[in-house]
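Here is the structure we will look at, set down as structure tokens.
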Amino acid sequence: MRDRRRLLGDEGEGQAEAYLRRQGFRILGRNVRSALGELDLIADDGGVLVFVEVKRRRSGAYGGAIEAVDARKRAKLIQLAAHYLAQHRLHDRACRFDVVLIQDDAGTAAAVQHIANAFDVAGDDLRW
């Protein structure tokens with residue numbers, strides 16, 4: 001079961017990466033791992049560092065991209081981003097959090113929902 005879920009997740013991240021590239025993003029990293037966890041995608045959008053959470057759904061039964069990233073997940077993403085910024089010594093770099101939902105409905109092409117700046121982060125949360 002885990003291998004199948006991982007494969008579906010990897011495919012979704014690939015679709016999200018391709019979509020973002022078409023939108024002009026420069027992809028800096030995919031599946032960026034640390035001792036704290038994993039960031040799906042890290043990109044540059046016109047000088048802004050973007051931490052992208054990718055969710056793939058097989059139906060619309062559980063809501064859209066925003067519903068896929070709850071408060072606990074947002075807190076984890078903030079923690080991972082702060083760690084990444086510290087590791088790479090990125091002082092005062094403008095950054096934001098985006099969510100990309102890939103929804104596969106049976107018999108149709110995957111739909112992409114991209115929410116730029118999906119949630120706000122207090123400035124101190126990303127300081128190191």
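Give me the pairs: first residue in segment 108-128 and on the phi > 0 side of the Ramachandran plot and of a type outside the set (A, V, I, L, M), second residue at pLDDT 90 or above and open to solvent by less than 80 Å² (accessible area, probe 1.4 Å), beta-carbon distance under 6 Å, and six or more apart or on different chains, which are they?
Note: pairs meeting the criteria are Asn117/Arg96.
For residues in segment 83-105 being within 13 Å of Ala16 (Cβ to Cβ) and open to solvent by 10 Å² or more (accessible area, probe 1.4 Å), which is nearest to the chain's Cα centre (by Cα)?
Gln103
Return the residues of segment 65-82 that are among the basic types (Lys, Arg) and either loosely packed, with under 12 Cβ neighbours inside 10 Å or more than 14 Å from the chain's Cα centre (by Cα) (or both); say none if nothing qualifies.
Passing the criteria: only Arg72.
Identify, by number, the condition in (1) open to solvent by 60 Å² or more (accessible area, probe 1.4 Å); (2) in contact (Cβ under 8 Å) with a residue 40 or more places away in the chain; (3) among the aliphatic types (A, V, I, L, M) that Ile42 doesn't meet.
Exception for Ile42: condition (1).
Among the residues that make up segment 17-31, is at least one of them under 24 Å from Ala122 (Cβ atoms), β-branched (Val, Ile, Thr) and modelled with pLDDT of 95 or more?
Checked segment 17-31: no residue is under 24 Å from Ala122 (Cβ atoms), β-branched (Val, Ile, Thr) and modelled with pLDDT of 95 or more.
Looking at (1) at pLDDT 95 or above; (2) open to solvent by 40 Å² or more (accessible area, probe 1.4 Å), which is the only condition Leu49 fails?
(2)
The values are calculated or read from the model by the stated rules, or taken from the named source; none is laboratory data. The shown structure was predicted, so the numbers you read here are calculated from the model rather than taken from an experiment. Cβ: placed from backbone, ideal geometry, glycine included. Neighbour counts: every protein chain shown. Just so you know, the surface numbers come from the protein's heavy atoms only, side chains and all, with ligands and any DNA or RNA stripped out. Shrake-Rupley method; radii C 1.70, N 1.55, O 1.52, S 1.80 Å.
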